[in-house]
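One structure below.
The values are calculated or read from the model by the stated rules, or taken from the named source; none is laboratory data. Source: prediction; values computed, not measured. Quick reminder, even Gly has a Cβ in these numbers, built from the backbone with ideal geometry, and neighbours come from all protein chains shown.
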Amino acid sequence: MTRREVSGRYRGSILGLLWSLLTPILMLMVYTFVFSVVFRARWGIDGEENKTQFAVVLFVGLIIHALFSEVINRAPALIVGHVNYVKKVVFPLEILPVVSMGAALFQALMSLGVLLLAFVLLNGFVHWTLVLLPLVLLPLVCLTLGLAWLLASLGVFLRDVGQVTGIVTMMLLFLAPIFYPMSALPEALRPWMLLNPLTFIIEQSRQVLLLGQMPNWLGLALYSLVACGIGYAGYAWFQKTRKGFADVL
């Protein structure tokens with residue numbers, strides 16, 4: 001189903017799966033121009049920042065946000081969009097958010113390939129710590145799946161949920177250190193940014209990918225504990241409420 005989801009997204013288009021590479025590249029070019037030229041956001045990498053360095057730093061944040069937002073934005077319509085699975089066949093509905101996550105991970109993997117290629121062209125090497133990236137992303141995957149199960153269930157009973165998720169994910173885009181570093185904020189506001197579930201994962205991903213540093217293991221353990229709790233709660237809620245799906249649909 002994940003393979004069908006990925007291939008069906010671009011079926012009928014001339015470029016096909018090539019769009020999964022072109023889309024993040026085009027968006028990266030636009031964001032880089034807007035925030036490094038128009039708004040002149042600065043990270044101060046190695047004392048002298050240039051647009052290519054800004055693009056690499058920016059791309060890490062965009063990949064993380066895209067992985068999260070794609071699953072969350074699609075979750076409220078997953079059950080509503082597969083009525084036959086609810087009413088006419090015996091089907092494990094809890095798989096649908098997992099399928100959506102699989103497709104999002106495929107897109108993230110393609111974008112990551114572009115990022116690593118750009119990093120090699122700019123620096124001539126990659127840090128060995130990139131092998132730790134799956135450990136950094138795994139808690140986010142668990143958290144996102146938990147929220148997806150919750151939203152998929154709520155989307156059956158409250159159709160407005162789909163409108164809310166789009167607004168929330170857009171807010172999280174600008175309330176995470178994607179276009180600007182946390183150091184650009186007043187010190188009093190920095191702890192509040194950590195309430196954004198993307199902030200910690202973006203910072204740790206940059207550490208292992210761009211800086212060659214080990215992640216914050218304690219912070220990652222605490223994040224994983226919370227993420228697993230949310231993942232379990234979301235799954236339990238989905239299983240508890242699925243009995244009413246057929247009646248509503």
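Listed values, structure above:
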quantity: Condition check for Met193: in contact with a Ser or Thr (Cβ under 7 Å, 6 or more places away or on another chain), surrounded by fewer than 20 Cβ atoms within 10 Å (Cβ to Cβ) and farther than 26 Å from Leu116 by Cα; calculated: yes
quantity: Residue match in segment 88-96 (condition: in contact with a helix residue (DSSP H, G or I) (Cβ under 9 Å, 6 or more places away or on another chain), closer than 23 Å to Asp160 by Cβ, at pLDDT 90 or above and part of a helix (DSSP H, G or I)); calculated: yes
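Here is a yes/no grid of residues against (1) surrounded by fewer than 17 Cβ atoms within 10 Å (Cβ to Cβ); (2) within 30 Å of Phe119 (Cα to Cα):
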{"position": "Pro197", "(1), (2)": "no, yes"}
{"position": "Leu209", "(1), (2)": "no, yes"}
{"position": "Asn216", "(1), (2)": "yes, yes"}
{"position": "Leu220", "(1), (2)": "no, yes"}
{"position": "Tyr223", "(1), (2)": "no, yes"}
{"position": "Ile230", "(1), (2)": "no, no"}
{"position": "Phe238", "(1), (2)": "no, no"}
{"position": "Gly244", "(1), (2)": "yes, no"}
{"position": "Val248", "(1), (2)": "yes, no"}
